[in-house]
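Report on the structure given below.
The values are calculated or read from the model by the stated rules, or taken from the named source; none is laboratory data. Predicted, not measured: the structure shown is a model, and the values here were computed from it. A quick note on method: Cβ atoms are made from the backbone with ideal geometry, for glycine too, and the neighbour counts reach across all protein chains shown. To get the accessible areas, we keep the full protein, side chains included, count just its heavy atoms, and leave off ligands, DNA and RNA. Shrake-Rupley method; radii C 1.70, N 1.55, O 1.52, S 1.80 Å.
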Amino acid sequence: MLGTGGHLIDLPVDVTPRQGGAEPAGRQRLSDVARWYSADPGRLVVTGEPGAGKTVFAVHLVVRLLDARAATDPVPVRLAIRDLPPARTRRRWWGGLRTVGGFEHWLKDSLVKAYEVPEAAAADLVARRLVVPVLDGLDEMDPDGEEPVRASQVLAELNAYQSVGGSAPLVLTCRGARYEELSARHAWLREATLLCVGGVDAEQARCYVALRSDGRASPMDSVVDAMRDGAAGGAVAEALSSPFYLGLAFAVYGESADVAPPADGATAGEIREQLLARYVPAATRSANAAVRRARRSLSGDRTVWGRLREYEAERVHGWLERMAWAAEADGVTLGRVVGRPLTAVASVIVALAAAACALWVVPDAIRGLVPDRWWVHRENLATSLSIAILVAFGMGRAHEAALCEWTPLASWERVRQPYPGWPGRLRKALLRAVSRNAVAVAGMGVLVLGAAAPFTAAYEAVPQPGWYVLGMVLVLSGCVIYAENTRFVAYTDRRGLIACVLVPLFFWPVAWAFAEVHPLLRAVCLLPFVTVVLLLWHRGVVPGIALLSGGGAVVLGWSRASLAPSGGFESGAEVGLLAFYVFACGFLTPGSGPRVLDAVGRLRRRTAWLTRPVGFGLAFLAGVAGEAWLGFAGVVYVAVVATAAELAVGLATALTVLAGAALGRVPPSPGAFLAWAYHAGLLRVVGGEYQFRHRELQEWLARGPR
């Protein structure tokens, strides 16, 4: 939890007790605060300047609480509070109000996601207040320079987090200036003891240097002397007044005598910029030296460093810089670090290649297992292949969305001390692959089974309105499932609404006019317009819902089919597409993406027991309808392509990493590098995800050239 070099400097701290509290007031030391807080946990707010050691102190509190707790005491859990979504009030269909989201729901979901606690157990722990949340980063809720609206809402939610005896215990860290701004807006944590962490003086710096250098002479001694003597007008003492920059100074000056200390005349800001610029190379040298020492040791293979490799400082800086850019935007995931366009290309290429290989081998093998009269294409082979290719393309885009939204850069096994061997890792990888893909493969099998079920004239006995309803339900359900994404489902402003209306109104008459033209000429005529729309979608002007509606308009124009029930399955599918379009434009108002996702998440949790039986039932019906539309051979093509693309998701990840490594955007083995950066003191693990060890370093890297 503390990482390498996690030395706690016993800084002075000003304590303001809560109203009626028994905590000692006035100037104290951090060790004193940790002692009396561990004996009687309550509400604590830790403030201070950037780099003052708030996060390190919070981690020390967690360790002290774990050391002192009994079997029935609450468990401290450290989380990043910036991920807390806002609570919302929704009106029930009968007119009542209910609150959606909020701190308690987020805390329960965090236990499930980060620590793999069963959902029922996590809900019980939160409800019985058997968790002490240690929340880091209240000042990160709102961008710098803007009013702390979100932070004020979070404080209101935390004030409502009560237990039987009053306010439930928790620890909150925040930068001092931001907390003062919140207090001026009458927003603060009620019934909480306030700590204001002070700076590092020259004597504390001397003790810190002596501790880390084991009392031997160090190049850092001259820096400490400059702090004590007030050299350069006190700029050195001002620059190194926080534990973060003092630690940077020791990493830069204390490990090598070749680096000169700060020159006379430099300001505090210039000294800090110099330290930030030299920190990554210094940490790289130190970590590489630890790797080399571990390799020379007899027990090196059984240590953490013995399993890692060496890296070049320039490459480390570039990789961390891309991580910092992603962290400043939406979060660090593999797809965002590599880049969305490159990730999309790699995912689609893998999906199409897997589909081509599967279609080359599997259909012929299946054809030999079924009667010849079954193997039919209702339209023709080209139509079946075209639809199969579209399915492969959609699967590739789904892989791209997963890599960009839900695939964090993480490697837990290399961070932990016990590291399993190849048999254990291979067994775990196989179990993960089977559990991830078994349901999808079984669903494709049910799809083929539905296509193979009757093969009699019983289909003709089903009235056309029945096929009509089936097509409408299947297409509408598929659109709703596919649109379960904030970036796809909701337009953000008026431009998005205009695009949702104009795109289908433009593509429908164009497709209708070219319905009788050769397919190649259709593609040539539509390609420029499709390219423009895709570029606008990539820039955020056209929402994803406009793409779906535009594709539906093309299908409507080409088919020229009637929307009446007499049209059967095709007419029902078109009506389902239109119904989804009207629903999206009418109910998904600007900024409604989070509300839609929240509603979908609640619906999924309440109907989880129905998911698989209903899904298999829909797959069976889709197979039946697909056989009537494409024929058994066409359904087999679609099922083979979807299965191959789903099984190739690991290859998509590998190709994305390979392409990113070839362009220098990610290391060849991201997991090994993240573990190295963790042990080098550059990254830390919070709530199951990697973060920068210091926010100042992240901000400095993010300011670099993009």
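Are any of the residues in the range 634-645 in contact (Cβ under 8 Å) with a residue 40 or more places away in the chain and surrounded by fewer than 21 Cβ atoms within 10 Å (Cβ to Cβ)? No, because not a single residue in the range 634-645 is in contact (Cβ under 8 Å) with a residue 40 or more places away in the chain and surrounded by fewer than 21 Cβ atoms within 10 Å (Cβ to Cβ). With respect to the stated conditions, Ala80 is closer than 25 Å to His105 by Cβ and surrounded by 16 or more Cβ atoms within 10 Å (Cβ to Cβ).
Leu130: of a type in the set (A, V, I, L, M, F, W, C), more than 21 Å from the chain's Cα centre (by Cα) and surrounded by 21 or more Cβ atoms within 10 Å (Cβ to Cβ), yes or no? Spell out the reasoning first.
Working: of a type in the set (A, V, I, L, M, F, W, C): yes; more than 21 Å from the chain's Cα centre (by Cα): yes; surrounded by 21 or more Cβ atoms within 10 Å (Cβ to Cβ): no.
Here the answer is no, as Leu130 does not meet what is asked.
Scoring Gln28 on the criteria (1) more than 21 Å from Ser241 (Cα to Cα); (2) at pLDDT 85 or above leaves a single failure, condition (1).
Taking (1) open to solvent by less than 80 Å² (accessible area, probe 1.4 Å); (2) in a helix (DSSP H, G or I); (3) modelled with pLDDT under 75 in turn, Gly443 satisfies each apart from (3). One residue is enough: does the range 82-99 have a residue meeting the conditions modelled with pLDDT of 85 or more and not hydrophobic (A, V, I, L, M, F, W, C)? No; the residues of the range 82-99 include none that is modelled with pLDDT of 85 or more and not hydrophobic (A, V, I, L, M, F, W, C). When the range 17-32 is limited to residues that are within 15 Å of Val171 (Cβ to Cβ) and of a type in the set (D, E, K, R), the one that is most open to solvent (accessible area, probe 1.4 Å) turns out to be Arg18. Going by the structure shown, is Val530 outside any helix (DSSP H, G or I), surrounded by 14 or more Cβ atoms within 10 Å (Cβ to Cβ) and either modelled with pLDDT of 70 or more or not polar (S, T, N, Q) (or both)? No; evaluated as a whole, the condition is false for this residue.
The set of residues from the range 1-16 being open to solvent by 40 Å² or more (accessible area, probe 1.4 Å) and either among the hydrophobic types (A, V, I, L, M, F, W, C) or at pLDDT 85 or above (or both) comprises Met1, Leu2, Leu8, Asp14, Thr16. When you check Pro504 against the structure, is it buried (at least 18 other Cβ atoms within 10 Å of the Cβ) and either touching a strand residue (DSSP E or B) at 6+ places or on another chain (Cβ under 7 Å) or modelled with pLDDT of 75 or more (or both), yes or no? So Pro504 passes the test. Restricting Leu556, Leu563, Leu520 to those that are of a type in the set (A, V, I, L, M, F, W, C), under 27 Å from Gly631 (Cα atoms) and at pLDDT below 70 reduces the list to Leu520. Only one entry of Phe692, Phe673 meets the criterion of being within 18 Å of the chain's Cα centre (by Cα) and open to solvent by less than 20 Å² (accessible area, probe 1.4 Å), and that entry is Phe692. Restricted to the range 325-437, the set of helices (runs of 4 or more DSSP H) holding at least 3 residues that are modelled with pLDDT of 80 or more comprises 334-338, 340-367, 381-405. Considering the range 617-637, the residues that are touching a Ser or Thr at 6+ places or on another chain (Cβ under 8 Å) and in a helix (DSSP H, G or I) include one that is modelled with the highest pLDDT, namely Tyr637. Looking across the range 33-45, the residues that are surrounded by fewer than 14 Cβ atoms within 10 Å (Cβ to Cβ) and outside any loop (DSSP other than H, G, I, E, B) come down to Arg35, Ala39.
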